[in-house]
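Trainee: After the structure tokens below, expect a handful of questions from me.
The values are calculated or read from the model by the stated rules, or taken from the named source; none is laboratory data. Treat the numbers as computed from the prediction; the structure is a model and nothing was measured. Cβ placement follows ideal geometry from the backbone for every residue including glycine, while neighbour counts extend to all protein chains displayed.
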Amino acid sequence: MISKILIANRGEIALRVILACKEMGIKTVAVHSEADRDALHVRYADEDVCIGPAVSRQSYLSISSIIAAAEITGADAIHPGYGFLAENAHFAEIAGECRLTFIGPSPEAIRMMGNKAQARETAKNAGVPILPGSDGPVKTFMDAQDVAREIGFPVILKASAGGGGRGMRICGNEGDLQSAFEAARSEAERAFGSADVYIEKYLERPRHIEIQVFGDTQGRVVALGERDCSIQRRHQKLIEESPSPAMTPEIRAQMNEAAVKLCQAVNYVNAGTIEFLFQDGRFYFMEMNTRIQVEHAVTEEVTGIDLVKEQIRVASGEPLSVPHGDFRLRGHAIEFRINAEDPRTFAPNPGKIREFHVPGGPGVRIDTAAYRDYVVPPHYDSLIAKLVVRGKDRAEAIARGRRALELFIVEGVKTSIPLHRAICDDPRFISGDFSTRFMESFSW
Amino acid sequence: MNLKEILELIDKVAERGIAAVEVEQAGTRLRIEGKLAPPQQVIHTSPAAPIVTGALPALPLPIPAAPPAAAPAPAAPPPEADSEAGLHIITSPIVGTFYRSPNPESEAYVSVGDHTSKGKVLCIIEAMKLMNEIESDVDGTVVKIYPQNGQPVEYGEKLFAVRP
């Protein structure tokens with residue numbers, strides 16, 4: 001049984017884990033950098049340890065410091081949150097060797113799904129639909145040309161070890177292929193230390209739809225329905241919702257089934273997300289995230305399952321508490337990511353929050369680690385709050401989102417709130433008919 | 001917690017020279033900060049409220065409307081700053097367990113009053129079963145050793161004060 005959890009993260013997700021632990025009667029240890037001394041996760045944890053200077057590489061990414069912090073506080077488990085070391089197989093491995101329960105999947109599963117080309121191969125073998133493309137990395141330009149001709153333009157080049165849009169190039173015709181290939185390779189090398197890239201067919205107007213999955217140590221895997229994350233900018237999600245406006249019960253059943261098959265193929269344990277591209281009623285495996293997601297709250301709101309508590313229970317060896325048999329998504333939930341950034345240029349805007357008023361009322365949930373007079377440090381990502389609204393249907397959820405955003409007051413730093421307000425009034429967003437390219441043509 | 005108990009706690013903090021203590025009980029959170037150097041006076045973290053150590057109601061989550069108990073300014077000088085004037089402070093470069101000697105049988109690397117020099121080992125910090133030797137980065141006399149032998153230390157925590 002887990003009695004004390006060290007949270008190897010910061011911000012709202014660290015606080016989210018602390019909340020789950022408080023409800024379960026589990027002690028918590030916060031780790032923090034020198035820049036986060038006044039952070040809420042430090043304040044609300046039972047114990048806290050300063051693990052290094054502001055720069056992530058020497059604090060939140062320092063495996064030895066985090067393990068040492070677990071040792072000196074006597075923690076028996078580590079929750080990695082998302083980002084930082086959450087998908088670092090080496091970290092999960094070392095935690096295991098130090099007799100610390102890693103609240104997440106096995107190092108093998110992280111490794112297998114972390115490499116995109118290998119993940120694609122695994123999906124293919126499990127019978128999960130994938131986009132036509134190269135089987136594995138393309139080493140030379142000649143190989144790239146052969147694959148691109150076979151599957152037809154446009155194509156997309158992606159870093160094998162990548163994520164977050166880096167090392168990605170879209171190429172519309174053969175004339176541009178060489179420069180795109182070289183640019184993707186050098187960017188991949190710089191960002192991830194590996195120049196390997198692979199090629200896929202590029203879909204013009206896809207939706208990003210992902211399935212929340214959960215496996216336990218008894219071998220049971222469940223799929224908890226979808227989240228539609230098509231509202232993105234620069235491959236970073238802005239708004240996520242469940243259910244997807246484009247979904248039908250038949251397609252949902254197919255996607256859930258495909259997601260479960262893939263998890264079973266890698267003996268997946270704990271929470272994970274399988275991302276698909278969806279266009280014209282067909283879906284294609286994109287990648288798997290072997291961690292809890294930023295947008296997990298959306299699924300929590302429509303399933304009634306506390307995913308973080310479930311993670312802890314499953315890591316303790318308990319079976320999933322999700323009832324057997326079909327379950328339905330209830331109502332509609334939408335998450336708006338509130339970032340400390342310029343809503344037009346998306347440039348990060350760290351600084352002191354001078355006023356912070358959060359909305360309430362029916363169907364409104366705020367996950368945040370910010371407060372009035374909190375200084376948003378420049379060293380980490382710009383997410384300062386997640387506004388999650390819930391309604392009986394999509395129209396009610398949007399209406400609640402609109403009025404919650406109206407009453408959400410943040411002063412001192414620029415935020416994405418004005419952008420979200422504008423999106424809530426956009427006829428295309430309201431209609432539900434949009435793709436991942438929504439933001440490219442959105443003007444306000 | 002009643003007023004009498006709070007006052008007793010304040011006395012204890014002052015008596016023992018404890019830097020800070022935080023107590024949470026049945027929805028009430030109390031933080032008392034002491035000054036290590038004289039005058040021994042109990043202060044609250046908020047500069048606007050010098051003596052009051054108010055029992056704060058637990059802040060509702062996830063809506064922390066007010067700054068939680070006015071977190072201290074990061075740049076605030078430590079209370080014992082005066083006594084450290086002119087001293088060189090060596091802080092821990094890593095998280096781990098502080099040991100004054102290479103093993104339990106041997107003597108401490110340094111004691112208060114010893115002379116040390118640049119590059120000389122002062123202590124060991126154990127992290128992940130690795131013994132990391134911490135060297136002095138200055139020549140001088142050791143005037144204070146902050147942690148106890150075997151005590152866990154954080155990154156940046158004070159280890160030694162050296163008078164150059």
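Trainee: Select from the range A:37-58 the residues that are assigned to a loop (DSSP other than H, G, I, E, B), within 9 Å of chain B (Cβ to nearest Cβ) and over 17 Å from A:ILE18 (Cβ atoms) and list them in ascending order.
Mentor: Once the filter is applied, which keeps residues that are assigned to a loop (DSSP other than H, G, I, E, B), within 9 Å of chain B (Cβ to nearest Cβ) and over 17 Å from A:ILE18 (Cβ atoms), the range A:37-58 yields only A:PRO53.
Trainee: Now a separate question. When the residues of the range A:180-210 are filtered to those that are in contact with a helix residue (DSSP H, G or I) (Cβ under 8 Å, 6 or more places away or on another chain) and in a loop (DSSP other than H, G, I, E, B), which remaining residue is nearest to A:ASP135 (Cα to Cα)?
Mentor: Residue satisfying both the conditions and the ranking: A:ASP196.
Trainee: If you don't mind, there's one more thing I want to ask. Within the bounds of the range A:406-418, is there any residue that is out of contact with any strand residue (DSSP E or B) (no Cβ under 6 Å at 6 or more places or on another chain), within 22 Å of A:GLU300 (Cβ to Cβ) and not charged (D, E, K, R)?
Mentor: Looking for residues that are out of contact with any strand residue (DSSP E or B) (no Cβ under 6 Å at 6 or more places or on another chain), within 22 Å of A:GLU300 (Cβ to Cβ) and not charged (D, E, K, R), one finds at least one in the range A:406-418, hence yes.
Trainee: Right, here's the next one. Go through (1) crowded, with 22+ Cβ neighbours inside 10 Å; (2) more than 19 Å from A:THR273 (Cα to Cα); (3) more than 14 Å from chain B (Cβ to nearest Cβ) one by one and return the number of the condition A:SER316 breaks.
Mentor: (1)
Trainee: Going by what's in this entry, would A:GLY391 be described as in contact with a Cys (Cβ under 7 Å, 6 or more places away or on another chain) and away from chain B (no Cβ under 14 Å)?
Mentor: no
Trainee: Something else about it: I'd like the full set of residues that are touching a helix residue (DSSP H, G or I) at 6+ places or on another chain (Cβ under 8 Å) and assigned to a helix (DSSP H, G or I), limited to the range A:227-272.
Mentor: A:LEU262, A:ALA265
Table: residues versus (1) touching a helix residue (DSSP H, G or I) at 6+ places or on another chain (Cβ under 9 Å); (2) within 11 Å of another protein chain (Cβ to nearest Cβ); (3) within 30 Å of A:PRO53 (Cβ to Cβ).
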site: A:LEU329; (1), (2), (3): yes, no, no
site: A:ASN339; (1), (2), (3): no, no, yes
site: A:HIS357; (1), (2), (3): yes, yes, no
site: A:SER382; (1), (2), (3): no, no, yes
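Trainee: Considering only residues that are more than 19 Å from the chain's Cα centre (by Cα) and β-branched (Val, Ile, Thr), look in the range A:78-118 and name the one that is nearest to A:GLY215 (Cα to Cα).
Mentor: Among them, the one singled out is A:THR101.
Trainee: Can you pull out every residue in the range A:60-73 that is in contact with a helix residue (DSSP H, G or I) (Cβ under 7 Å, 6 or more places away or on another chain) and either within 8 Å of chain B (Cβ to nearest Cβ) or crowded, with 23+ Cβ neighbours inside 10 Å (or both)?
Mentor: A:ILE67, the sole residue that qualifies.
Condition check ((1) at pLDDT below 95; (2) out of contact with any Pro (no Cβ under 8 Å at 6 or more places or on another chain); (3) charged (D, E, K, R); (4) more than 29 Å from A:GLY219 (Cα to Cα)) across all residues:
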position	(1), (2), (3), (4)
A:ALA109	no, yes, no, no
A:ASN115	yes, yes, no, no
A:LYS158	yes, yes, yes, yes
A:GLY167	yes, yes, no, yes
A:ALA195	yes, yes, no, yes
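Trainee: Being surrounded by fewer than 24 Cβ atoms within 10 Å (Cβ to Cβ) and not in a strand (DSSP E or B) is the filter here; which residues of the range A:22-36 pass it?
Mentor: Listed by number, the residues that qualify are A:LYS22, A:GLU23, A:MET24, A:GLY25, A:ILE26, A:GLU34, A:ALA35.
Trainee: Then there is this: Output the qualifying pairs, or none if there are none: Cβ atoms under 7 angstrom, residues six or more apart or on different chains, first residue in the range B:92-105 and more than 10 Å from every other protein chain (Cβ to nearest Cβ), second residue part of a loop (DSSP other than H, G, I, E, B) and of a type in the set (A, V, I, L, M, F, W, C).
Mentor: B:ARG100/B:ALA108; B:SER101/B:ALA108
Trainee: Can I ask one more? State the number of residues belonging to the range A:74-93 that are within 14 Å of chain B (Cβ to nearest Cβ) and surrounded by 20 or more Cβ atoms within 10 Å (Cβ to Cβ).
Mentor: 3
Trainee: Which residues, taken from the range A:273-311, are in contact with a helix residue (DSSP H, G or I) (Cβ under 7 Å, 6 or more places away or on another chain) and not in a helix (DSSP H, G or I)?
Mentor: Selection gives A:ILE274, A:PHE276, A:GLY281, A:PHE283, A:PHE285, A:GLU287, A:MET288, A:THR290, A:ILE292, A:ASP306.
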